[in-house]
Each structure stands twice: as structure tokens, then as C-alpha cells.
Amino acid sequence: MSRGRLAMPWFAAPDYADTRAAMADRDKLPADHGTWLASAGQVEGELTRVGFEVVRVVIERETFLAWCREAGTVPDGRARSQFANAAAGIEGR
């Protein structure tokens, strides 16, 4: 039985360094994409294991930063989650 859908912010390898540099909480993100990917993969796997459908939403730097400006928020983890939920059509998570 599915527990529902969750959006997960996702970073593409070629853009990771530039996108990370634009984040207000860059110090909380791993310095390299490989480390981030391993961690994100573990989280995704656990969520899937307990019954969630995980929707990956790639964070494209310029699109995300424009969304943050429009929303009046800083580009951080909370904003990434909100952006991913909005992009995936998931409300209130």
C-alpha cells in the first residue's frame, strides 16, 4: 500500500557545483556530487522501502532562483522542498 507521493529535490551532476554555490545553506550540502548522490540515494531508498512514491525534481539553478525571488524566500533546503513539491504537484508537505 502506498503512503503517498513525496517530491525529492535532485541535483544533476554537471550543475551541482554551481547550483550548490548559489544556495544559502551551501555549507549543509556535500562539497561533491558523488557524496550528495550517495546520501540522497539512501534517503530515496528508505522512503521507497516504507511505501512512498518518490518523485525526483531536478533543481535547475536559474529556474529555482527565479522561483525563490518570486516567492520571496532564500534558496535553502526548505525552499528546495517547497519548489519540488510545487513542481510535482504535491501540496502541503
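Computed values, structure above
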read-out	value
Scope the range 11-24; condition touching a helix residue (DSSP H, G or I) at 6+ places or on another chain (Cβ under 7 Å) and either polar (S, T, N, Q) or touching a residue at least 24 places away in the same chain (Cβ under 8 Å) (or both); matching residues	PHE11, ALA13, ASP15, ASP18, THR19, ALA22
Every pair of residues 6+ apart whose Cβ atoms lie under 6 Å, when the first sits in the range 36-62 and is more than 27 Å from ALA22 (Cβ to Cβ) while the second is assigned to a strand (DSSP E or B) and of a type in the set (A, V, I, L, M, F, W, C)	THR48/VAL54; PHE52/LEU6
Selection status of GLU44, at pLDDT 95 or above, out of contact with any helix residue (DSSP H, G or I) (no Cβ under 8 Å at 6 or more places or on another chain) and open to solvent by 70 Å² or more (accessible area, probe 1.4 Å)	no
For ASP27: the one exception among (1) touching a residue at least 24 places away in the same chain (Cβ under 8 Å); (2) open to solvent by 70 Å² or more (accessible area, probe 1.4 Å)	(1)
Residue match in the range 1-9 (condition: farther than 19 Å from GLU91 by Cα and surrounded by fewer than 14 Cβ atoms within 10 Å (Cβ to Cβ))	yes
Within the range 54-93, tally of residues that are under 20 Å from ALA12 (Cα atoms), of a type outside the set (A, V, I, L, M) and not in a helix (DSSP H, G or I)	4
Answer from ALA21, ALA12 - the residue that is under 11 Å from the mean Cα position of the chain (by Cα) and open to solvent by 30 Å² or more (accessible area, probe 1.4 Å)	ALA12
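The values are calculated or read from the model by the stated rules, or taken from the named source; none is laboratory data. All of these numbers come straight from a predicted model, not from anything done at the bench. Here the Cβ is made from the backbone with ideal geometry for all residues, glycine too, and neighbour counts use every protein chain on show. Just so you know, the surface numbers come from the protein's heavy atoms only, side chains and all, with ligands and any DNA or RNA stripped out. Shrake-Rupley method; radii C 1.70, N 1.55, O 1.52, S 1.80 Å.
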